[in-house]
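The values are calculated or read from the model by the stated rules, or taken from the named source; none is laboratory data. Remember, it's a predicted structure, so these values are computed and weren't measured experimentally. Here the Cβ is made from the backbone with ideal geometry for all residues, glycine too, and neighbour counts use every protein chain on show. Surface areas here come from the heavy atoms of the whole protein model, side chains and all, with no ligands, DNA or RNA. Shrake-Rupley method; radii C 1.70, N 1.55, O 1.52, S 1.80 Å.
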Amino acid sequence: MDSSEFVKNHRPLRRLRCSVQHYDWGRMGQDSLVGKVCALNSGSEIQLDKPYAEFWMGIHPSGPSFVATGAGIGIANGNGNGNGAAIDSHPHSDAAELSLKDWIVQNPSVLGDKVLDKWGSDLPFLFKILSVAKALSIQAHPDKKLAKKLHKLHPNIYKDGSHKPEMALAVTEFEALCGFVSFEELKDVVRYIPEVVELIDIEDTSQLLHINDQVEVEKVKSILRSIFTQLMSASKEMTTEAVSKLKIRLQMQSQVRRLTDKENLVLKLEKQYPGDIGVISAFFLNHVKLNPGEALYLGANEPHAYISGECIEVMATSDNVVRAGLTPKHRDVQTLCSMLTYKLGFPEILKGFPVSPYITRYLPPFDEFEMDRCFLPKGASTVFPAVEGPSIFVVIGGEGAMQAGSTSTRDVVMEGDVIFAPAGTQINVKTVSELHLYRAGVNSRFLQTL
C-alpha cells in the first residue's frame, strides 16, 4: 500500500506521547518550555525541583515516542468538537500504545516511497525542544564514517553508527558557541589572552602571527589544530591555574573598563564550570546570538556548545556526541581534536523563507530534515501541502483545529500536542486562539529530486 492509499483507508493523523530528558543543564520546572510541553503532552505534573532539558519526538531508543493504536488523533483532553473523533486515542489516556518505531514498521507506507528507498523503515529525523539554563558541553558530532568506527569501538559511549547534522531554531533569545573565529580574531586571542599562551607552544604562536591566511589556508588549519589540541589536552593542574588567573585578571579589568561580550561569557562559564578548559577554549569559538525565528545549522565535525535560551531542534536520528569541555560527562579530547574541520569564520544564520503568509521554512543542506515555523493569528487558517515524506508537528502555544486533507473530521490541537502526519497528507489548520506550532519533515529538496 502506498502513502496515498494509506491516507484514503486510514485516519492518518496520530497523536504522540513523547519522552523528556532531565539533563542537569536544563531549566527548572515551570521556567522550562520543555517542562510545560512535557506535562501537557503526558498529562503529568511538572516537578518544580527537576530540570527539564530536552523533549524528544521521534524513534530514537534513548527517548522514543508512542502512538495510540485507536482510531486516530482524537480530541485533546476531551475538548472541542471533533465530529466523531475518538477521545480515548489521546496518548495520555488509557488507550493501547505502540512505539512510533514499531507502528511505522507495521505501516511503512506512512514514510513514502522515497524515504523508504533511502532509509528503510526508519524515520530519518529526530525532533526536539531544548530549554537551556547553563552551557552544554563543547562538542562535535561525527560524520558517517567516523560514527560507524566509534560505535564499533565504544558502543557503550557512542550508541549508534549514524551521523548527526542538526539545526536549532530560536524560540527565545538563544546563545551558542559555534565554529572557530576568523583568522584576525584568532591572532588576537594569542596576542592578548596570556592564559592561552601559557598552555600552547610558543613556536605555534609565532607561526600563526606571521602567516598569510589568504595564501596558506591549509597551514593555518594545521597550526590551529596543533594549538587547539594542546589547549584541550592541558593537565588539570595547568588548566585550573590558568582559569584562576583569567578570572582574577578579568575581574580586575572590569573595574577600569567595560568587558567584551566574550569576556563576560567566559566569566559566566567559569561560574558554571570552575577550572574547566572549556572556559578558556571559548575564546577560540564564535559567540552566536540568535533572535527568535533565526536558526543555526551544524554539520559534522564542527565544534559548538549551546549556552542559554530555548529552541526547537531537528537532527538526523542519532545521539552521537564527542565531548571535550564544559561537562562532567565522558571526554574524548583526542577524538574531538582530530575530527574537527578547523574551518574559520562566522557560521551562516538562517532567517527562513516564507512558503505562505503564516509559514516560514528553514532548509539546511542535509537530506534528513527541514523545519517550518507557523504563527497563526486568531481566526486565521493555513495549509501545509501534502509532501512525499512524513511530518511531525508540535504545538507550543494556543489552540486550533487540524484536518487531514479532505476528511470531514477536525481535531482540536493545543499546547503540548505532538502530531504525526504520514507522507501524502495535506494538513489544514485553523485557529481558535493564536496558534504557535512547528513542523519537522524530510528535506523538500531531497523529496523533489527524481
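Kindly list the number of the only condition in (1) over 20 Å from the mean Cα position of the chain (by Cα); (2) without any contact (Cβ under 8 Å) to a residue 12 or more places away in the chain that fails for PHE353.
Single failed check for PHE353: (1).
Please verify whether the stretch 221-242 includes one or more residues that are of a type outside the set (A, V, I, L, M, F, W, C), at pLDDT below 95 and outside any helix (DSSP H, G or I).
Among the residues of the stretch 221-242, not one is of a type outside the set (A, V, I, L, M, F, W, C), at pLDDT below 95 and outside any helix (DSSP H, G or I), which makes the answer no.
Does ARG191 fit the bill of being farther than 20 Å from GLU302 by Cβ, in contact with a helix residue (DSSP H, G or I) (Cβ under 8 Å, 6 or more places away or on another chain) and open to solvent by 50 Å² or more (accessible area, probe 1.4 Å)?
yes
Could you please find all residues in the stretch 292-314 being of a type in the set (Gly, Ala, Ser) and more than 15 Å from ARG439 (Cα to Cα)?
Within the stretch 292-314, GLY299, ALA300, ALA305, SER308, GLY309 qualify.
Give me a count of the residues in the stretch 426-450 that are under 16 Å from ILE359 (Cβ atoms) and either touching a Ser or Thr at 6+ places or on another chain (Cβ under 9 Å) or assigned to a helix (DSSP H, G or I) (or both).
10
Take the stretch 415-425 and flag every residue that is farther than 20 Å from ASP113 by Cβ and in a strand (DSSP E or B).
VAL418, ILE419
Need at least 1 residues that are over 22 Å from HIS154 (Cα atoms) and modelled with pLDDT of 95 or more per element, so show me which strands (runs of 3 or more DSSP E) inside the stretch 272-390 make the cut, counting only ones lying wholly within it.
285-290, 295-298, 304-316, 353-356, 359-362, 370-376, 381-384
For GLU203, are the conditions met, namely being open to solvent by 50 Å² or more (accessible area, probe 1.4 Å), over 21 Å from the mean Cα position of the chain (by Cα) and over 24 Å from ASP276 (Cβ atoms)?
Values: open to solvent by 50 Å² or more (accessible area, probe 1.4 Å): yes; over 21 Å from the mean Cα position of the chain (by Cα): yes; over 24 Å from ASP276 (Cβ atoms): yes.
Yes; evaluated as a whole, the condition is true for this residue.
Do you know which of the residues in the stretch 391-438 that are charged (D, E, K, R) and open to solvent by less than 30 Å² (accessible area, probe 1.4 Å) is modelled with the lowest pLDDT?
So, considering only residues that are charged (D, E, K, R) and open to solvent by less than 30 Å² (accessible area, probe 1.4 Å), the one modelled with the lowest pLDDT is ASP411.
Test each condition in (1) touching a Leu at 6+ places or on another chain (Cβ under 9 Å); (2) open to solvent by less than 20 Å² (accessible area, probe 1.4 Å); (3) at negative phi for TRP103 and report the one that comes out false.
Result: TRP103 passes all but (1).
Check the stretch 117-137 and report whether any residue there is on the phi > 0 side of the Ramachandran plot and either open to solvent by 10 Å² or more (accessible area, probe 1.4 Å) or not in a helix (DSSP H, G or I) (or both).
Yes, that holds for at least one residue.
Evaluate the following for VAL412: is it aliphatic (A, V, I, L, M) and not in a strand (DSSP E or B)?
So VAL412 does not fit the description; no.
Being touching a helix residue (DSSP H, G or I) at 6+ places or on another chain (Cβ under 6 Å) and either open to solvent by less than 20 Å² (accessible area, probe 1.4 Å) or at pLDDT 95 or above (or both) is the filter here, so list the residues in the stretch 21-71 that pass it.
GLY29, GLY35, TYR52, PHE55, ILE59, SER65, VAL67, ALA68, listed by residue number.
Which residues, counting only those in the stretch 149-169, are surrounded by 22 or more Cβ atoms within 10 Å (Cβ to Cβ), in a loop (DSSP other than H, G, I, E, B) and either more than 17 Å from the chain's Cα centre (by Cα) or charged (D, E, K, R) (or both)?
Answer for the stretch 149-169, where residues must be surrounded by 22 or more Cβ atoms within 10 Å (Cβ to Cβ), in a loop (DSSP other than H, G, I, E, B) and either more than 17 Å from the chain's Cα centre (by Cα) or charged (D, E, K, R) (or both): TYR158, LYS164.
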